[in-house]
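The values are calculated or read from the model by the stated rules, or taken from the named source; none is laboratory data. No experiment lies behind these values; they were computed from the predicted model shown. Methodologically, a virtual Cβ is constructed for each residue, glycine included, from the backbone with ideal geometry; neighbour enumeration extends over all protein chains shown. The protein model used for the area step is the full one, side chains on, heavy atoms only, and it has no ligands, DNA or RNA in it. Shrake-Rupley method; radii C 1.70, N 1.55, O 1.52, S 1.80 Å.
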Amino acid sequence: MKPVTVRDVAVDAGISIATVSRVLNNNYKVAELTRIKVINSARKLGYPLIPRSKQMVVAVILSGSAYWSMYEAMLQSTLTRELIERGYRVELVTERDIALLSERLVGGAISLGLDDFILDKWASLFLFPVVRLNCRSKNSENIYAVNADGITSMRKALKLLWENGHRKIGYLSGTNERDETTKPSLRYEGFIRAMKSYGVMNPEDYCVFNETYRHDLVPENIKKLLAKEVTALIVTQEAFALKAYYHLQQMGIKIPEELSLITWEL
């Protein structure tokens, strides 16, 4: 197949080759609508959006939530540093402002948001690919995903607890049952599988979910598991785990002397 040229982009966009060249080299003395038209034509035709500096631009999309977890802050910092070390330029944008990417010479994106905003909207907005972290994918619409291995991780966590004498291990989720059991990381399935491998035939009985996302119910949820005489807890969701730890302390339970605790973000 014949390579796409600047001339092809100019013809498709209905503007001059010189204007296309200015846009592709990040010359901002071009009208916004013209810039968008050139970028969209280039993406449609498969012309590489690499500026004169030869540095590919990768957008890092942050969640639009007012609550920005420590997990996301650490991930954004690490990811940005890694991209720069690999020779990429980085554009930071929140989910609420992703329309701005249509005006930029972005070759691809990485999304840190955990909800399905990107999954629902991406294909109607952009032609370039996005990679989501620890979320669902939709490859047919240029939406890909990289997920943690919850099966292996949970097996290792429970192996550690089991080797230290724990036989009744509780699973306290910071989310509702549907969201927890459908996470792409498969951490809940990993817990069930690992417990059954140790001969626990009813591990579901040791699982409690935060069905209403109300953190004021944390003490009640903890008491449900303590009533089953658990000696170890796996608590998911960073903020929820901190709440659980606080309430365990308020109940006078010493960690790790009286109860072993593993917290889990994703």
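Taken about its Cα centre, the range 149-244 carries a charge dipole of about 300 debye when Lys and Arg each add +1 at the Cβ and Asp and Glu each add -1 at the Cβ. Charging the Cβ of each Asp and Glu at -1 and of each Lys and Arg at +1, and nothing else, the dipole of the range 105-144 about its Cα centre rounds to 80 debye. Solvent-accessible area of the range 155-249 (1.4 angstrom probe, protein heavy atoms only): carbon and sulfur portion equals 51 percent.
Projecting the Cα positions of GLY108, ILE262, VAL218 onto the charge dipole of the chain (unit charges on Cβ atoms of Lys, Arg, Asp and Glu, taken about the Cα centre) puts GLY108 furthest along the positive direction.
In a reduced charge model with +1 at each Lys and Arg Cβ and -1 at each Asp and Glu Cβ, the chain shows a dipole moment near 1020 debye about its Cα centre. Can you classify the range 159-266 as rounded, prolate or oblate using the Cα gyration tensor, where a ≥ b ≥ c are the square roots of its eigenvalues, rounded means a/c under 1.5, and otherwise it's prolate if a/b beats b/c and oblate if not? Oblate, because a/c is 1.5 or more while a/b does not exceed b/c. Label-to-label distance for LEU45 and ARG193 is 4.8 nm, based on points extended 7 Å past Cα in the beta-carbon direction. Summing Lys and Arg as +1 and Asp and Glu as -1 over all other residues whose Cβ lies under 12 Å from the Cβ of GLU189 gives a net charge of +2.
Under a 1.4 Å probe, what is the accessible area of the chain per residue, stated in Å²? Please list the in-between numbers first.
On the way: 14380 Å² over 266 residues.
Per-residue accessible area for the chain comes out at 54 Å².
Take the residue pairs LYS37/LYS138; LYS183/LYS243; LYS159/LYS254; LYS121/LYS243; LYS196/LYS254 and return only those whose Cα atoms are more than 24 Å apart. Pairs exceeding 24 Å: LYS37/LYS138; LYS121/LYS243; LYS196/LYS254. With a Förster radius of 22 Å applied to the beta-carbon distance between MET201 and GLU163, the computed FRET efficiency rounds to 0.60. Less than 5 angstrom separates the built amide H of LEU233 from those of GLY170, SER260, LEU261, ILE262, all sequence-distant by 5 or more or on a different chain.
Oblate is the label for the range 143-215, because a/c, from the alpha-carbon gyration tensor with a ≥ b ≥ c as root eigenvalues, is 1.5 or above and a/b does not exceed b/c. Springs between Cα atoms under 10 Å define the GNM used for the chain, and in it the highest mean-square fluctuation of VAL200, VAL60, VAL20 occurs at VAL200. Do you know the relative contact order of the chain, to the nearest whole percent, from alpha carbon pairs under 8 angstrom that are 6+ apart? For the chain, the relative contact order is 13 percent.
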